[in-house]
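First the structure, in the form of structure tokens, and then the observations on it.
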Amino acid sequence: MNELLKKLTETAGVSSAEKEIRILIRDLIADYVDEWYVDPLGNLIALKSGTGAVDLRIMIDAHMDEVGLMITGVDNNGLLKFETVGGIDDRTLLGKIVQVGPKKVTGVIGARPIHLLNTNQRKSVVKRESMRIDIGAKTKTTATGKINIGDLAAFVTEYEELGPTAIGKAFDDRAGCAALIELLQKESYPFDIIAAFTVQEEVGLRGAQVAAYGIKPDAAIVLECTPAYDLPTDQDISPNVALGQGPAIYVMDRVTIQDPRLVSYIMRTAEDNQIPIQIRQPGGGGTNTGVIQAVHGGVPAATIAIPGRHAHTPHMIINLEDYANFIKLTEAVLRSLTPQIFKRSI
């Protein structure tokens, strides 16, 4: 059992309410870094001093927040209305258990039962506007005594390992956070590492922009979890990455083109160290690279990601060998990175 992944994935941290996961990560890294602080937006920033052999200042980013729900109203019968925080498909919500607010009030997401639906209603997807969270309250007064409008609700999922894979919530991006924690626990690197466990990625990459502006790195590596689309399609062809085939290297997404020099170096490092990798095909989505690379005069940045099935649902799946290679590749890059990689002749 990977206890680190278990602790991180089972901890709540919906965007803008990352305090619980931030405290846990702080406690896990405190003995392995020279200093740490929390910036005004809530990012946890930690410095691990290097040996001084290489004159670089490298930021490594992993976002702490997860998708979830926000309470927007209470019906007279005590049921809670909600909106999503981050991108969540309505089809994944029914029947899921959540914990609401700082008191962690347990609730179940429900809607009109199938027995009471007509034929047309059974064929359509239930929209979240028709769903409610049931916390066992019989009246609006009882419900508002337990929760407040604006409270956030996190999914409740127990981490479990099934052979080479693991099931849990929020691998996006607690897998990246776990990898960054393990990297900080290793021996010093040739240069200073500034670890940024960032907030509010799921609602617009907000935390990383603030963190990068304050850190002023020479370059940045973003550790992420990218959707794996390796389930059968009409032609049984995957349009993206698959579990068990190694970390995924970003080239381009909706918000950025990754730094080609850094991408090439990561790929060469993987080949030199016989680490399996796969290319995340250019397309939609986005990572914190998109905002990090645009601060100050520009920052060379690239994303290394672990593939995860069922992204932005209460139950994601990752491959544990991919996770091990995710860490192995990032460490190999950090051990050999030099300023020459980022020099331009013109």
Which one of 196, 212, 143 has the biggest mean-square fluctuation once the chain is modelled by GNM with Cα springs under 10 Å?
143
Here segment 186-191 yields Karplus 3J(HN,Hα) values (6.51, -1.76, 1.60; θ = phi - 60°; whole Hz; Gly and Pro given as x) of 8, 4, 4, 9, x, 9
Among 207, 180, 221, whose Cα lies farthest out toward the positive end of the dipole of segment 174-230, if unit charges sit on the beta carbon of Lys, Arg (+1) and Asp, Glu (-1)?
207
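By DSSP, what percent of the beta bridges with both residues in the chain are antiparallel, rounded to the nearest 5?
60 percent
Starting from the residue with the highest accessible area, list 328, 6, 81, 103 in decreasing order, probe 1.4 Å. Could you put the intermediate results ahead of the total?
Working: 328 100, 6 50, 81 80, 103 140 Å².
Reading off the accessible areas and sorting them downward yields 103, 328, 81, 6.
Kindly sort 131, 252 by accessible area of their heavy atoms, largest first, with the probe set to 1.4 Å. Display every interim value, and only then the final one.
On the way: 131 0, 252 75 Å².
Descending order: 252, 131.
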Dipole of the chain, Cα-centred, from +1 at each Lys and Arg C-beta and -1 at each Asp and Glu C-beta, to the nearest 20 debye?
1100 debye
Looking at the P(r) of the chain, how many percent of alpha-carbon pairs lie beyond 31 Å?
35 percent
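With a 1.4 Å probe and all protein chains left in place, how much of the accessible area of segment 1-84 comes from carbon and sulfur atoms, in whole percent?
On the way: 1710 of 3590 Å².
Of all accessible area on segment 1-84, carbon and sulfur atoms account for 48 percent.
Can you give the FRET efficiency for residue 216 and residue 124, using 1/(1 + (r/R0)^6), R0 = 51 Å, r = Cβ-Cβ distance, to the nearest 0.05? Don't skip to the answer; put the middle values down first.
On the way: r = 51 Å, r/R0 = 1.00.
FRET efficiency, residue 216 to residue 124: 0.50.
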Most to least accessible of 187, 83, 224 (protein chains only, probe 1.4 Å)
187, 83, 224
Whole-number accessible area per residue in Å² for the chain, which is evaluated in the context of all protein chains at 1.4 Å
45 Å²
Peptides 64-74, 295-305, 258-268 ordered by average Cβ neighbours within 10 Å, highest first
64-74, 295-305, 258-268
Of the accessible area of segment 245-289, with the probe set at 1.4 angstrom, what percent is carbon plus sulfur?
51 percent
Accessible area of residue 188 in the full protein assembly, 1.4 Å probe (Å², nearest 10)
60 Å²
Please list, ordered by chain and number, the residues whose modelled amide H lies under 5 Å from the amide H of residue 165; skip anything fewer than 5 residues away on the same chain.
320
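The values are calculated or read from the model by the stated rules, or taken from the named source; none is laboratory data. Because the structure is a prediction, the values reported are computed rather than measured. Reconstructed Cβ throughout: ideal geometry from the backbone, glycine too, with neighbour counts over all protein chains shown. Side chains are part of the model used for accessible areas, which takes the heavy atoms of the whole protein and leaves out ligands, DNA and RNA. Shrake-Rupley method; radii C 1.70, N 1.55, O 1.52, S 1.80 Å.
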